[in-house]
Amino acid sequence: METLVYDAVVIGGGPAGIASAIKADSLGLKTALIENRDILGGIPLQCIHPGFGIHYFKEDLTGTEFIERLIDKLRVSSVDVYTKTHVHSIDVIAHDEKIVNTVRRSGVTRFVAKTIIYATGARERHLYEIGVVGDRPGSGIYTAGEAQALMDIYGVLPGREIVIIGSGDVGLIMARRFSLEGARVKAVVEMLPYPGGLTRNIVQCLYDFNIPLYLGHVVTGVKGRNRVEKVIVAKTGENGKPLKETEFEIPCDTVVVAAGLIPNVGLLEKIGVAMDPATRGPIVNELLEASIPGVFVAGNALVINDLVDYVVEQGELAAEGAKLFIENNGVPSVDWIRVEKGRNIRLVVPHYISGERDVVIYARVQQPERNVYVSIPEIGYFIRLTSVKPAEMLRLWIPRRILSRVNTRRITLEVKPA
């Protein structure tokens, strides 16, 4: 068994992991980056559409261009990169000692680390998790990521007549992608009464291609033997349940499930990291440190983000947290201030702040609203927005000078009509 010792071990070779490894290295930490696939990049490798890097690189890049720039920065760093390396468990030995147990082609390797930066991304929800019943045809059912990989990496068109379940950004982008390749997107079906994706994607991916969007509808069944032949769609009632009397059929040969992502946190759960039911990721402080000291989490493993720019930003912040942890043998103890969810707030990250440094708060609302104030009454912070939507993450930068006004152990983020 091989044993390797590092200051920081980054698990996950997507945008968050690469960014955190580069930042940790620049801060003088001996850093290892572990990826279970044979190449780095994560999902952006198959994202050939634009919309990446507008904030981070100040350019509108495709996913592949974005990740190539990050990898170029990684190549000139001193980070030790281990691909084709599967992490099967983590052991917490002491406050400043964790062991990442891996399997590589050369055998079993133990990475001993003072800190871990966990950036494993998220997984897609599949058909069986969203209550779709009926036949189980041999082909024609894909997650959005699978369909995207088939088209953008392998050049394979999965089908000709498509129904997409879910109106999140990935589903919308796939609707456009299918249309550009000559397939016919018969419908995008969304159970909520409002779209799940960004407004720009609703316009550019659906309206521009005359693709029908069924809001307040669900796919209740799939029919077909060797391949998908049709889906059954119904309106939803006030309780969110499908109304039998409203059912209708849409003939198609392919169903694409774009029903959202779930943070990939299995390894963290096994070591007892406290989780937030709202984000389905870990509870963290402003440095993105989880409930186990020295374990930092970034990217979609922390919270599902809209923009890769936010993912990279979180990766760099986690590296800064790791540096602070190592310098002080732990994050300096403070009376942490709990960030509570107020009116029309579905989730908020981080969960605890110190009031001693500038903080970025990420949040999502429960319901769309227009002409509102987003506020934290305890510190007199508020901003006015023309609209808020569940699909669009709120990113609030709050300077230390404002947070220094806190004289309580909790603050509340809320949305109220202007």
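What pairs come out if I take residues in the stretch 235-259 that are among the aromatic types (Phe, Trp, Tyr) and pair them with residues that are part of a strand (DSSP E or B) whose C-beta lies under 6 Å away, six or more apart or interchain?
The qualifying pairs are 248/233.
Mind listing whichever residues of the stretch 210-223 are within 27 Å of the chain's Cα centre (by Cα) and either under 19 Å from residue 179 (Cβ atoms) or assigned to a strand (DSSP E or B) (or both)?
Hits for the stretch 210-223 are 211, 212, 213, 214, 215, 217, 218, 219, 220.
So which residues in the stretch 342-370 are assigned to a strand (DSSP E or B), surrounded by 15 or more Cβ atoms within 10 Å (Cβ to Cβ) and either of a type in the set (Val, Ile, Thr) or within 17 Å of the chain's Cα centre (by Cα) (or both), if there are any at all?
345, 347, 348, 349, 353, 359, 360, 361, 362, 363, 364, 365
In the stretch 12-25, which residues are farther than 22 Å from residue 52 by Cβ and either acidic (Asp, Glu) or open to solvent by 10 Å² or more (accessible area, probe 1.4 Å) (or both)?
Scanning the stretch 12-25 gives a single hit, 25.
In this structure, is residue 384 surrounded by 13 or more Cβ atoms within 10 Å (Cβ to Cβ), in contact (Cβ under 8 Å) with a residue 24 or more places away in the chain and either in a loop (DSSP other than H, G, I, E, B) or among the basic types (Lys, Arg) (or both)?
No, not satisfied.
Filter the stretch 6-38 down to residues that are within 18 Å of residue 89 (Cβ to Cβ) and in a strand (DSSP E or B) and give me whichever is farthest from the chain's Cα centre (by Cα).
Applying the filter and picking the extreme gives 6.
Just give me the residues in the stretch 226-247 being in contact with a Lys or Arg (Cβ under 6 Å, 6 or more places away or on another chain) and hydrophobic (A, V, I, L, M, F, W, C), in sequence order.
243, the sole residue that qualifies.
Criterion first (in contact with a Pro (Cβ under 9 Å, 6 or more places away or on another chain), touching a residue at least 24 places away in the same chain (Cβ under 8 Å), hydroxyl-bearing (Ser, Thr, Tyr) and surrounded by fewer than 17 Cβ atoms within 10 Å (Cβ to Cβ)) does residue 373 satisfy it?
Taking the combined requirement at face value, the residue satisfies it.
Any idea which of (1) open to solvent by 20 Å² or more (accessible area, probe 1.4 Å); (2) closer than 30 Å to residue 176 by Cβ is the one residue 245 doesn't satisfy?
Of (1) open to solvent by 20 Å² or more (accessible area, probe 1.4 Å); (2) closer than 30 Å to residue 176 by Cβ, only one is false for residue 245: (2).
Restricting attention to the stretch 180-189, does a residue exist that is surrounded by fewer than 19 Cβ atoms within 10 Å (Cβ to Cβ), of a type in the set (A, V, I, L, M, F, W, C) and assigned to a helix (DSSP H, G or I)?
Yes, the stretch 180-189 contains a residue that is surrounded by fewer than 19 Cβ atoms within 10 Å (Cβ to Cβ), of a type in the set (A, V, I, L, M, F, W, C) and assigned to a helix (DSSP H, G or I).
Any idea which of 307, 302 is open to solvent by 10 Å² or more (accessible area, probe 1.4 Å), within 24 Å of residue 42 (Cα to Cα) and of a type in the set (A, V, I, L, M)?
The unique qualifying residue is 307.
For the subset of the stretch 26-77 comprising residues that are of a type in the set (Asp, Glu), free of Cβ contacts under 8 Å to residues at least 40 places away in the same chain and closer than 17 Å to residue 13 by Cα, which member is most open to solvent (accessible area, probe 1.4 Å)?
Per the criteria, the residue is 68.
Just name the residue that is farthest from the chain's Cα centre (by Cα) out of those in the stretch 387-405 that are surrounded by 12 or more Cβ atoms within 10 Å (Cβ to Cβ) and assigned to a loop (DSSP other than H, G, I, E, B).
Per the stated criteria, the residue is 405.
Using beta carbons and a limit of 6 Å, which pairs, at least six apart or on different chains, have the first residue in the stretch 177-205 and over 22 Å from residue 216 (Cα atoms) and the second one open to solvent by 40 Å² or more (accessible area, probe 1.4 Å) and assigned to a loop (DSSP other than H, G, I, E, B)?
Taking only residues 6 or more apart or on different chains, the pairs are 181/157; 183/160.
Condition check: in contact (Cβ under 8 Å) with a residue 60 or more places away in the chain and either surrounded by fewer than 17 Cβ atoms within 10 Å (Cβ to Cβ) or within 26 Å of the chain's Cα centre (by Cα) (or both). Does residue 408 satisfy that?
yes
On the given criteria, is residue 159 surrounded by fewer than 18 Cβ atoms within 10 Å (Cβ to Cβ) and in a loop (DSSP other than H, G, I, E, B)?
Judged against the criteria, residue 159 is not a match.
The values are calculated or read from the model by the stated rules, or taken from the named source; none is laboratory data. As the structure is a computational prediction, the values presented were derived from the model and not from experiment. For neighbour counting, all protein chains shown are included, and Cβ atoms are generated from backbone atoms with ideal geometry for every residue, glycine included. To get the accessible areas, we keep the full protein, side chains included, count just its heavy atoms, and leave off ligands, DNA and RNA. Shrake-Rupley method; radii C 1.70, N 1.55, O 1.52, S 1.80 Å.
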